[in-house]
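**Student:** Starting off with a structure, shown below.
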Amino acid sequence: MREDRATSEGETRVWDLPTRLFHWTLVVLIGCSIVTVKLGGLWMDWHMRSGYAILALVLFRVVWGFFGNRYARFATFVRPPAVIVGYLRGQVAHGAGHSPLGALSVLAMLGALLLQASTGLFTNDGNFTEGPLARLVSSALGERLSTVHRWGEWAIYGLVGLHIAAVAYYSVFRNLGLVRPMITGVRPGADAPAGEDNATLRTRALALAALAAGMVAWIVNL
């Protein structure tokens, strides 16, 4: 069976497999991070491991924004302010991939997770948990980064809440399901070119993911 096989009439292949795996793996890891930090104690070891994995995923997604399929690339879905305003006024169509407004959500989430995972490397609660790079900075700087990390948790809650609310809004009021395409990769009713999703693209994604994971492993073991 060909991985870039044609879709049924009235459907467009939008999301490639690497993008979909990134999305759902990130969902699981964010949930893991939230649960383990609330449990505390020895669970903090898993909280830190989850943070390392999130950092690797975000680094991969940033690079994938330049080397992924057409709908995963930043150049395709990141739009100037005028286009975003036009979309809010109903003058610009949603498009097959991310909407102009949804692009802001993607960038905000990637930026917040990158900041959260990065500051977590330097956190020190002064008692039980210490980030792997905490000893590389002064106690004062470590305390400031720990504060940013604690407040960043609430920013993640807010962004996740907005994301869920937006998905519900599009599903109920715009009759545009966003969950199914992120599972199957196919969006019904989209009149747009199909996105690439073949063995070559997936091999490239695997290599970039391994590179991101290796980079995080190197940083953690500095």
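Every number here is computed from the coordinates shown, using simple stated rules; none is lab data. This one's a predicted model, so the numbers in the text were calculated from it and none came from an experiment.
**Student:** Based on the Cα gyration tensor of segment 91-218, what are the three equivalent ellipsoid semi-axes, each the root of five times an eigenvalue, rounded to whole Å and given largest first?
**Tutor:** Those come to 37, 21, 11 Å.
**Student:** Here's something else I'd like to know. Give the label of the value calculated from the structure for Cα Rg over 2.2 N^0.38 Å, choosing from (i) 1.12; (ii) 1.06; (iii) 0.91.
**Tutor:** Correct label is (i).
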